[in-house]
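Have a look at the structure below, then the notes.
None of the figures in this text is laboratory data; all of them are computed from the coordinates on show. Because the structure is a prediction, the values reported are computed rather than measured. In this analysis, Cβ positions are derived from the backbone assuming ideal geometry, glycine residues included, and neighbour counts consider all displayed protein chains.
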Amino acid sequence: MAERIEQRLEDRVPELEQLERVGLFSRREIRAVLRKASALEYKIQRRALRKEDFINYIQYEINLLELIKKRRARIGYSFKKEEIEHSILHRVHSLFNRATGKWKDDVQLWLSHVAFCKQWNAKHQLSKVFSTMLAIHSNKPALWIMAAKWEMETRLSSESARQLFLRALRFHPECPKLYQEYFRMELMHAEKQRKEKKEFEKAKMDLGEFNYSEEILSGEMARIVYRDATQKIKGVEFQLAALSIAKLFDFTQDLQKEILENLQASYADDPLTWDHMARRELDLGSLQPTEHTTKQRKVAEMSRREERCCAVFDEAVGAVPTEDMWKCYITFCLERYNRKTNSGELKQKRLERTLSVFNKAHESNLLPEALYKQWLQLLLESSLSEKAVEVAEAATRRFSVSVDMWQMRLQVLIQLKREDVTQCFEEAIKHVKSKGTLALWTLWVEWSEGTNSKEDTEALYQRSLSATTPAESVTMKEMYLDWTYRSGGYKKVRKVFSSLCENRPFSLDFFRKMIQIEKEQESCKMLHLREYYERALREFGSTDTDLWVDYVKEELSHPQGKPENCGSIHWRAMKMLQGDLVEDFVSKYTLLQTGHL
């Protein structure tokens, strides 16, 4: 092994000599490079190879290349690249090849090699990397697309890109993304040929030796790809994706027409089809901007186009009366309402239209649960508080077991400072099952803290502990403890803590909160702290190392602490902690003993 490493280091000598001779590196820096290279070489020649060693070596070489590049720019020296950079580049490629050969399944390693090749313009090497990578990772469509795009955009080889897509489709015959990118590539190829032909004609050159097929120029190859895809891929999403790609090219009117016809014929009942057809009205028949176009005329034109969109949506919700269809309609209205405009009239018209559509969907019982919240926000922003209360009540009638709906209604009532908040809370608790009511109880006690008397709030906290599930009651206990300390002081919170400790379960934060409260007192008693720590350790002593360490710290640092107890605490921790936590505790305890924690 040593001989092989010596040989590799000797192979570096010519490039290092050149670096010193041309003044890019000093003799001292050359020696440092050799020392570092020697250490890195030994690591990658061991029997038990580690991926991290290869990555570190590669990163070192890349950093060296970057340093050489900066030094060249600084002194203005651009010669001897063959002897210096090319030698290092060859070594990096060799390291990448060894690493990817050893860890073939690591896609990130392959992609790092690809990125390196692109950065240093190693086209020939990158072609080999893609070829090897795709042979191993043929099950990943994204890698095929990356390779084909590189062939098309960097090497300007449409034929190579086409061959890669065709090979990829043999492995993934039903992958929508592959078909979309293949479709895009064929359109880009057609556009490229059209531009070339136009330039030749402009220069009045003879096109005899160049064969520009009219079918390719008109995008016929892309049409074939699209038709083949529609046989294998069903769903309106692919059709819309193909249409959006075709729209990027100005010679695809016939192709767009065909896609639209297929869309309407095969997916007439799909909300996304109607959504697309309605939104098209925004682009159709738009005014060509001129110097004399007035602001009022622009606003009127925009209003007309939006009305045409809404007419299509109105037809859609009649033909396809579903929640998804109404959702598309409402989403469109909200998008238009949220667009900035200087016209108050247009803004008001958009608001009225949006509220009207919300109302129609609600009356049809087809307004999705998630959209009620947006409707209420819009009503409150528009100062329509009575309507907001009415809508919130209707939402809870329709979704009577939904915690989110009740929470939303209660937030509206609290915001408007209505008198029937308590009644609404009672109604919500009655309708919703006990599991999942934590959000309602949290909201209720928070509201009560700022509104009701201390007695009423305490009664509510105590009621919440029995009304919630054991897991949810943990949060209520923490809130109860915190509120009691804020409103009743130290003596009161001690009593509440003792009563809460009678019923499991607990959280670690519950005990830590009580410990923190005790430490905030002027006469902080170690006796009380021991009680809290002991209670906490009974519950979490087998799973939390920090609790034991904090207990030891208290005994060491508190004026009333007993350092002689630390040995006993350490022994108990070693007995109670499970698995790897013992080792974790030992390391923390050692750091504490040596004053490093």
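At 0.36 nm per residue, and after removing the present C-alpha to C-alpha distance, how many nm does the segment from L282 to S131 gain when stretched out fully?
Values: separation 151, 0.36 × 151 = 54.36 nm, distance 4.57 nm.
The L282-S131 span can extend by a further 49.8 nm.
Sum up the lysine pairs in the range 505-579 that clear both bars: alpha-carbon distance under 19 Å and a spacing of 8 or more or different chains. Provide the component values of the computation, followed by the final result.
Details: K513/K525; K513/K553; K519/K553; K519/K562; K525/K553; K525/K562; K553/K562.
The result is 7.
Please find the FRET efficiency linking L527 to A370, where r is the Cβ-Cβ separation and R0 is fixed at 45 Å, and quote it to the nearest 0.05.
Working: r = 54 Å, r/R0 = 1.19.
Efficiency, rounded to the nearest 0.05: 0.25.
Relative contact order (percent) for the chain, with alpha-carbon contacts under 8 angstrom and 6 or more residues of separation?
Details: 442 pairs, mean separation 26.3, N = 597.
Contact order relative to length: 4 percent.
Quickly work out the D250-to-S487 label distance, labels modelled 7 Å from Cα along the C-beta direction, and quote it in nm with one decimal.
Simple spin-label model gives 7.1 nm for this pair.
Kindly provide the helix-only [θ] at 222 nm of the chain, computed as the sum of -39,500 (n - 2.57) over DSSP H runs of four or more divided by all residues, to the nearest 500 deg cm²/dmol?
Values: 29 runs with 449 residues, N = 597.
Value at 222 nm, helices only: -25000 deg cm²/dmol.
Taking a ≥ b ≥ c as the square roots of the Cα gyration tensor eigenvalues, with a/c under 1.5 meaning rounded and otherwise prolate when a/b beats b/c, else oblate, which class fits the chain?
Numbers: a/c = 2.67, a/b = 1.14, b/c = 2.35.
Since a/c reaches 1.5 but b/c is at least a/b, the shape of the chain is classed as oblate.
Can you tell me the length gained on complete extension of the stretch R463 to E390, counting 0.36 nm per residue apart and subtracting the Cα distance? Intermediate values should be presented prior to the final figure.
Working: separation 73, 0.36 × 73 = 26.28 nm, distance 2.94 nm.
Here the answer is 23.3 nm.
Give the calculated FRET efficiency between S499 and R74 to the nearest 0.05, with a Förster radius of 51 Å applied to their Cβ-Cβ distance.
On the way: r = 75 Å, r/R0 = 1.46.
Here the calculated transfer efficiency is 0.10.
Which lysines have a Cα lying under 24 Å from the Cα of K257, excluding residues fewer than 8 positions away in the same chain?
K177, K192, K195, K232, K234, K247
Give me the one-decimal nm value for the distance between modelled label points at S453 and Q193, 7 Å along each residue's Cα-to-Cβ direction.
My value for the distance between the label points is 8.9 nm.
Given labels modelled 7 Å from the Cα in the Cβ direction, how far is it in nm from D106 to S266?
Computed distance between label sites D106 and S266 equals 4.3 nm.
How many lysine pairs does the range 287-364 hold where the Cα atoms are under 23 Å apart and the two sit 8 or more places apart or on different chains?
The number of close lysine pairs in the range 287-364 is 13.
To the nearest 0.05, what FRET efficiency results for E381 and E10 with a Förster distance of 60 Å applied to their C-beta separation? Could the numbers behind the result be given before it?
On the way: r = 76 Å, r/R0 = 1.27.
E between E381 and E10, to the nearest 0.05, is 0.20.
If packing is taken as the mean number of other Cβ atoms within 10 Å per residue, what is the order of 384-395, 177-188, 575-586, highest first?
On the way: 384-395: 17.7, 177-188: 22.2, 575-586: 13.8.
My ranking of the peptides, most packed first, is 177-188, 384-395, 575-586.
Could you work out how much longer the chain between K234 and M205 gets when fully extended? Use 0.36 nm per residue separation minus the Cα distance between them, nm to one decimal.
Separation in residues times 0.36 nm, less the Cα-Cα distance, equals 5.8 nm.
Lys pairs in the range 1-103, Cα-Cα under 16 Å, at least 8 apart or on separate chains: how many? Kindly include the intermediate steps, with their values, before the conclusion.
Working: K43/K51; K43/K102; K51/K102; K69/K80; K69/K81; K70/K80; K70/K81.
Final tally of qualifying lysine pairs is 7.
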